[in-house]
Amino acid sequence: MDAGADRTPLESALRKARWRILPLLAFGYLAAYMDRANISFAAESINHDLHFAPQVYGMGAGLFFVSYALCEIPSNGLLLRFGARRWLARIMLTWGLLAAAMMFVQGRSSFYGMRLLLGVAEAGYFPGVLYYLAQWFPVQQRARAISWFYISFPLSSTVMGVAAGSLLRLNGTLGLRGWQWLFLVEGLPAIALSVAFWFALPDSPAQARWLDEDESRELDLVSAEQREGADDRGGFELLRDVLGEPRVWVLGLFNFCMLSGTYALYFFLPTIVRQLTGLTMASVGYLIALSGLIGAASMLVNAWDSDRKMERRWHVLMPTLAMAVMMLLAGVHLRGMAVGLMLSMMVAVFTSLLGPLNVLATELCRGRAVALAVATYNMCGILGGFVGPYWMGWVRHATGGYGVGVGSLCGAWVVGAGCIVWLTKARPEKVTNVNENTINAEPEMAE
């Protein structure tokens, strides 16, 4: 059998996986991100109705990420025990119920409490999916696979931007405020999708009934090649070795800087853009929706080019530096329509780096260690999701404006750029000696 024939079952299996797995996972993350970030559109009305000061809103927005971060590693450990199908379905069901229950918030304490519970419920979905995709897709195609899953992040801006205006206008309908309708309606899709996950998501290629014998065997061979040299022990020994690898923490620091800088702006973005442009909230929503569409395209193009060239450094570094420049310019001159339009396009620039970045996360380790390394990396980023919004709310309260807060985010992006330069520098062709090859060095990540 020639090489082309040998590749046919693998290509067929990957094509089926793209159509059967990636859309389901993407819809799941779309629902997740909407349910964590829709308070950005509810901010003005919920702050008015419940008499929240900016720092109260910023604290509530950020508390989600505290409980999320604390539960990341335990959640991925439980995914390894119970399997992707059961655990991801459980995550979606509980966060959907809690996201809808946000409509019952009545004051500061219930606001803080519900955001904490929502973080506990959603913890582990994103790193769990990254580990799951690493079992299915070889590294040469992984940036594209991750991007097709992660495309739901920028598209969530589109969906929220279009839906928020209509739902907020239901204010007073059936005795509910507009922000209550927003939380209720946008929490329901996750509940429905949890059922689809339970019945349609296979735990591994070996359990996918829609693969024939040759396709399943080829995917198993690919998975085995990528696990070669890995130490698949479980428990605290494996966790200890993952946590002892410096590159996991450096990538985690980048994620912290990236998400603190992103969420600090994102949770206040509709309000800032409205003030700068004078547009209505519905028009701001449509503008951010357009940014989400452009971001989806930029994500796919950058991921495709990264896979084609098998290069990660510059595909992450250039958008990172662009974000630093945007934050500096906006902070120095936070006024006018032009700056408002530039900030509304933040999603398009930020999302372009996510495919190559998350490939780096899955390439730090092999075997079961990938799940714990990705959870650690994501935990660091999620902590940034708490620090960023709280910082922006505090600075807004202290200075009376957003200029200082936005400008300060430049520093986070510059530090993140330094992390990528260090992480992707050329290294000798060897395997890092951390507990018999648990962590695999990847010298090809540098240009």
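Things to note:
- Note on the chain: dipole from Cβ charges, positive end direction compared against 361, 140, 47; the farthest Cα belongs to 47.
- Per residue accessible area of region 1-119, 1.4 Å probe, in Å²: 40
- Modelled FRET efficiency - R0 35 Å, residue 341 with residue 86, Cβ distances, 0.05 increments: 0.20
- Close amide-amide hydrogen proximity is noted between residue 365 and 440, each under 5 Å apart and 5 or more residues distant or on a separate chain (H modeled in the peptide plane; Pro and chain starts excluded).
- Centre separation in Å (Cα based) which lies between region 358-422 and region 41-57: 25
- Cα long-axis angle, helix 313-332 against the chain (0 to 90 degrees, to the nearest 10): 10
- Helix 178-200 axis, angle to the chain major axis (alpha carbon atoms, nearest 10°): 10
- Size of the chain as Cα extents on the principal axes (Å, biggest first): 67, 45, 40
- Accessible surface of the chain [probe 1.4 Å, protein heavy atoms]: carbon and sulfur percent: 64
- At full extension, residue 325 and residue 301 could sit 6.5 nm farther apart than now, given 0.36 nm per residue minus the alpha carbon distance.
- Shown is the FRET efficiency for residue 293 and residue 332, computed with R0 = 30 Å from the Cβ-Cβ distance and rounded to the nearest 0.05: 0.55.
- Were the residues from residue 394 through residue 210 laid out at 0.36 nm apart, the gain over their Cα-Cα distance would be 61.0 nm.
- Shape category assigned to region 279-330 from the gyration tensor of Cα positions, a/c cut at 1.5: oblate
- Estimated inter-spin distance, residue 195 and residue 19, nm [label 7 Å along Cα→Cβ]: 2.5
- Overall, the anisotropy analysis places region 168-212 in the prolate class: the square-rooted eigenvalues a ≥ b ≥ c of its C-alpha gyration tensor yield a/c not less than 1.5, with a/b exceeding b/c.
- Extension gain, residue 282 to residue 237: 0.36 nm times the residue separation minus the Cα-Cα distance gives 11.0 nm.
- For the chain, the relative contact order comes to 26 percent (Cα pairs under 8 Å, sequence separation of at least 6).
- The long axis of helix 125-136 is offset from the longest Cα principal axis of the chain by roughly 30 degrees.
- Cα-based shape type of region 67-176, given that a ≥ b ≥ c are square roots of the gyration tensor eigenvalues and the cut on a/c is 1.5: oblate
- Applying 1/(1 + (r/R0)^6) with R0 = 41 Å to the Cβ-Cβ distance of residue 249 and residue 174 gives a FRET efficiency near 0.25.
The values are calculated or read from the model by the stated rules, or taken from the named source; none is laboratory data. Small disclaimer: the values here were computed from a predicted structure and weren't measured. Backbone-built Cβ (ideal geometry, glycine too); neighbour counts: all protein chains shown. Heavy atoms of the whole protein, side chains included, go into the accessibility calculation; ligands, DNA and RNA do not. Shrake-Rupley method; radii C 1.70, N 1.55, O 1.52, S 1.80 Å.
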